[in-house]
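One structure below.
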Amino acid sequence: MKLLSRKSITVATAIAVLGGLSIAAAPSQAANPAAGGPSAHAARAPHAAPVALTPGDLSKLPLTNRHLTNQERANLAVVLHAYHVAEGDSLDADAFANSFAQDGVFNDMVAGQAYQGKALADVPRYMVGLFPDVHRELKRITVSGDVVSIELAIQGTFEGPLESPAGTVEPNGARIDVPTADFWYLHDGKVEKFNCFVGYSTMYAQMGVNFDWASAVNKH
């Protein structure tokens, strides 16, 4: 098997890898208020339903508006549950997939990839394979009806091999802290669409993978 140096990766390969690494944008549990606040890591029983949010739970979250309707509270609970079951130390990939409607879709907007059906469960599994301690640090949460918008950071340690069309990028124990924006669209308690925007250039740089722009420029 060919091994890639962490020094550089061609632009073409980097774009191709985005499609695979895009699964690494899968959400993780940065917020489980019932377990102690936005950064809690308490485990939850497999396939447990989202926990109703109390005023105390809401006070621990970085909400832009704390006057939420019952529907908005319920929608936020679904989203926080999806984060929780994709966390490194409380992974439940099937529960993550079950957060979505039958035709629900996960869109990695930067990589241009979409995941539906059984592929939804592969999203958090792949992420934990790369970053076993993956965590979502929620920075700012806005709830408006059936839309939940979140500014966050994907955090973790690069401890799993990254397969790419050019070979394997071996893990180096690097820490990542990647700016991300998530937009969840819900209906009747299920996620219909999840649009995720990940700062891949920052993620690659923190992993020690740099774009080799010269090789792309010289391809004529």
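The values are calculated or read from the model by the stated rules, or taken from the named source; none is laboratory data. Remember, predicted model here, so these are calculated numbers, not experimental data. All Cβ positions, glycine included, derive from the backbone under ideal geometry; neighbour counts span all protein chains shown. The area values use the complete protein model at the heavy-atom level, side chains included, leaving out ligands, DNA and RNA. Shrake-Rupley method; radii C 1.70, N 1.55, O 1.52, S 1.80 Å.
General remarks:
- Among residues of the range 174-202, those that are within 23 Å of Asp212 (Cβ to Cβ) and not in a strand (DSSP E or B), counted: 5
- Test: residue in the range 129-141 that is open to solvent by 60 Å² or more (accessible area, probe 1.4 Å), out of contact with any Ser or Thr (no Cβ under 9 Å at 6 or more places or on another chain) and farther than 18 Å from Phe197 by Cβ: no
- Scanning the range 80-92 for residues that are open to solvent by 10 Å² or more (accessible area, probe 1.4 Å) and either touching a Leu at 6+ places or on another chain (Cβ under 8 Å) or among the hydroxyl-bearing types (Ser, Thr, Tyr) (or both) yields one hit, Ser90.
- Considering the range 54-75, the residues that are open to solvent by less than 60 Å² (accessible area, probe 1.4 Å) and part of a helix (DSSP H, G or I) include one that is farthest from Gly189 (Cα to Cα), namely Gly56.
- Tally of residues being in contact (Cβ under 8 Å) with a residue 60 or more places away in the chain, open to solvent by less than 30 Å² (accessible area, probe 1.4 Å) and not hydroxyl-bearing (Ser, Thr, Tyr) across the range 93-106: 6
- The set of residues in the range 190-204 that are touching a helix residue (DSSP H, G or I) at 6+ places or on another chain (Cβ under 6 Å) and open to solvent by 20 Å² or more (accessible area, probe 1.4 Å) is empty.
- Residue satisfying all of: in the range 107-128; open to solvent by less than 60 Å² (accessible area, probe 1.4 Å) and aliphatic (A, V, I, L, M); modelled with the lowest pLDDT among these: Ala111
- The set of residues from the range 166-217 being of a type in the set (Gly, Ala, Ser) and more than 15 Å from the chain's Cα centre (by Cα) comprises Ala166, Gly167, Gly173, Ala174, Gly189, Ser201, Ala205, Gly208, Ala214, Ser215, Ala216.
- Being under 26 Å from His84 (Cα atoms), of a type outside the set (Lys, Arg) and touching a Lys or Arg at 6+ places or on another chain (Cβ under 7 Å) is a condition met by no residue of the range 133-147.
- Test: residue in the range 143-165 that is at pLDDT below 95 and open to solvent by less than 10 Å² (accessible area, probe 1.4 Å): yes
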